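Read the structure below first, then the notes.
The values are calculated or read from the model by the stated rules, or taken from the named source; none is laboratory data. No experiment lies behind these values; they were computed from the predicted model shown. Cβ sites come from the backbone with ideal geometry, for glycine too, and all protein chains shown count toward neighbours. Keep in mind that these areas ignore ligands, DNA and RNA; they rest on the heavy atoms of the full protein, side chains included. Shrake-Rupley method; radii C 1.70, N 1.55, O 1.52, S 1.80 Å.
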Amino acid sequence: IEIYSLHVDCKVTSRFAHTVITSRIVNRANESREATFEVELPKTAFITNFSMSIDGKVYPGIIKEKAAAQKEYDTAVSRGQSAGLVKIRDRKLELFHVSVTVAAASKVTFELTYEELLKRQLGKFELLLKVRPKQLVKHFQIDVHIFEPQGIRFLETDSTFMTNELTEALVKVQNETKAHILFKPTVDQQKVNSELNETLLDGDFIVCYDVKREATAGDIQIVNGYFVHYFAPSEMPVFPKNVIFVIDRSGSMAGIKIKQTRDALLKILQDLRPEDHFSFITFSNKVAEWKSSLLPASKENVASAAEFVQTLSAMGGTDINNALLAAVSVLDKAESLPERSVSMVILLTDGQPTSGEKNVEVIQKNIQRAINGKYALFCLGFGFDVSYKFLEKMALGNGGIARRIYENADAALQLQGFYQEVATPILMKIEMQYPENAIEGLTKNNFTLFFEGSEIIVSGKISNELDLLPVEIKAQSHTSDLTLKEEASVKEKERVFKNQEYIFGNFIERLWAYLTIQQLLEKAISAQEEDQKTLEAQALELSLQYSFVTPLTSMVVTKPSDQQQAELANKPTEAG
């Protein structure tokens, strides 16, 4: 079985990435063989299309409601065939894997399409392409086209497998608003060495970039009656933080996990600003407060905290409920904190609640009642013994986010990386306002916090008669209350994309659908049961309308009738 051509074609238009991977395979044997197509794609992406063509006949993937598809195909599953073609691979990726039997001398072409909205983190967008052909490929090519009407501020490529020879196969062409990256190594350049037919191509191919921004109320783009509004202010004063780290030191954290936690906390302590206040609460079946109140992050206090962190050891049960309630109580009692400051609780745990209150629903209610919208709760789940669903629901219900920390050598870096994302709040209570009677289907437009280096994105549909789209942003910064105003000429904005030949025409509408589905699913996590059903029904309708494989849909992969029945591609979620 020979892969004679592999083409990765990625078009990024104003952060929205549309990637098509085409693999052409021929069976050079004189008997039937199995051909396999494997793609690792970002977890944040939705698959939108897949097809196989065998000797010219096309077998398309069909996207259906998940429940209906499961029912239709559960006979195949009950006969012991693989129950799904997509599984979580690691922290950032999931794996799509399909096999088909190919007759002697026959050819098969696999084509997979997926889309995602690139998320700005720590001041840049990252496009991650995984390259792992497992053999030398005669025609191997990666094409990345980027079009950013705001202008490209910087662009760099990075790869985990580059050699001097391979660098020669990489070409970057860039102007003010567009970039094209072409990576096209010959078979000789792909080889580990000239004697062995082994490939060097195994790992990540990453494109990082950021766009230029005017110091205004963000940037508005409009195509076919849909708008997207990007807002990412910078160089603003940072809010002082009042942060309580709630650290699990139960028995299961013993060994490498507690060591990685110590390493990460020591680095994080160095990153605290002098105007920040902080404290630690550690817990097993008992809850221990390092100090009874928040301390300013002075040199002395940070040094004393570092000594304390060095002594952290692990044993005992897991009382998440009392630990979090203690953290909230410290914030409630805190005096002489900076007037305009941001208070947050960061929980790190690796297990289920086993001491104190064990019922996760009761814990969620207790914490929500105690926090009552005053503070943000961030939950980090270390490894796979945590109930991620519980942590996610608790974080999203209290203005924060959850993140799984993978038990790898880089766990300390993952913890630090997470902290860096939330370390610099520069705006709070952000309201993005648009004319009420002229916009439909507006995505989330109120945000509790904005962190330096990230980006707020709002999208919606403009009613026909609007010529000017006025926007107003209200927010609080550390020093003042802001009101920013801007208006966009609908016709002028539409013109920007008119002559861009390689842009797929309705990309802002698809971006709007992608963002709306993501937000509906996220909202459903912490919603009451009735609301949950409504939110999921809306997300399902959009997933089917725009053909996205989301946690509510399945793609039925059809195969030639003489082979095993169709298989299902489902979207795995972190909460399983």
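Quick notes on this structure:
- Filter result for Leu540 (surrounded by 15 or more Cβ atoms within 10 Å (Cβ to Cβ), modelled with pLDDT of 95 or more, among the aliphatic types (A, V, I, L, M) and closer than 23 Å to Glu116 by Cβ): yes
- Considering Leu196, Leu201, the condition of being surrounded by 14 or more Cβ atoms within 10 Å (Cβ to Cβ) and part of a loop (DSSP other than H, G, I, E, B) is satisfied by Leu201 alone.
- Looking across the range 174-193 at every residue that is over 30 Å from Arg213 (Cβ atoms) and hydrophobic (A, V, I, L, M, F, W, C), the one that is least open to solvent (accessible area, probe 1.4 Å) is identified as Val187.
- Failed criterion for Ala409 (all others in (1) at pLDDT 95 or above; (2) among the small types (Gly, Ala, Ser); (3) open to solvent by 60 Å² or more (accessible area, probe 1.4 Å) hold): (1)
- Lone unmet requirement of (1) assigned to a strand (DSSP E or B); (2) among the small types (Gly, Ala, Ser); (3) within 19 Å of the chain's Cα centre (by Cα) for Ala475: (3)
- Residue tally, condition open to solvent by less than 50 Å² (accessible area, probe 1.4 Å), in a helix (DSSP H, G or I) and not acidic (Asp, Glu), over the range 414-472: 8
- Residue count for the range 510-537, restricted to those that are in contact with an Asp or Glu (Cβ under 7 Å, 6 or more places away or on another chain) and open to solvent by less than 20 Å² (accessible area, probe 1.4 Å): 2
- Odd one out for Asn398 among (1) under 29 Å from Thr483 (Cβ atoms); (2) in a strand (DSSP E or B): (2)
- When restricted to residues that are assigned to a strand (DSSP E or B) and open to solvent by 10 Å² or more (accessible area, probe 1.4 Å), the range 127-151 contains 6.
- Gly123 being in the same structural domain as Gln189 (by the TED database), touching a residue at least 40 places away in the same chain (Cβ under 8 Å) and out of contact with any Lys or Arg (no Cβ under 7 Å at 6 or more places or on another chain): yes
- Any strands (runs of 3 or more DSSP E) falling wholly within the range 58-126 and containing at least 1 residues that are under 30 Å from Thr157 (Cα atoms), touching a Leu at 6+ places or on another chain (Cβ under 9 Å) and at pLDDT below 95: 86-88, 93-102
- Any hit, the range 167-175, residues being assigned to a strand (DSSP E or B) and touching a Lys or Arg at 6+ places or on another chain (Cβ under 9 Å): yes
- In the range 483-576, counting only helices (runs of 4 or more DSSP H) that sit wholly within it, the ones holding 2 or more residues that are of a type in the set (Asp, Glu) and without any contact (Cβ under 8 Å) to a residue 24 or more places away in the chain span 529-545.
- When Ala288, Ala297 are screened for being open to solvent by less than 20 Å² (accessible area, probe 1.4 Å) and in the same structural domain as Arg262 (by the TED database), only Ala297 passes.
- Here the range 333-362 is the region considered, the condition is being among the aliphatic types (A, V, I, L, M) and surrounded by 21 or more Cβ atoms within 10 Å (Cβ to Cβ), and the residue that is nearest to Tyr419 (Cα to Cα) is Ile346.
- All positions within the range 543-565 that are out of contact with any Leu (no Cβ under 8 Å at 6 or more places or on another chain) and open to solvent by 10 Å² or more (accessible area, probe 1.4 Å): Leu544, Gln545, Tyr546, Ser547, Thr558, Lys559, Pro560, Ser561, Asp562, Gln563, Gln564, Gln565
- Per the conditions (1) open to solvent by less than 10 Å² (accessible area, probe 1.4 Å); (2) part of a loop (DSSP other than H, G, I, E, B); (3) among the β-branched types (Val, Ile, Thr), the sole criterion not satisfied by Val238 is (1).
- Members of the range 1-25 that are open to solvent by less than 10 Å² (accessible area, probe 1.4 Å) and more than 19 Å from Leu41 (Cα to Cα): Ser14, Ile25
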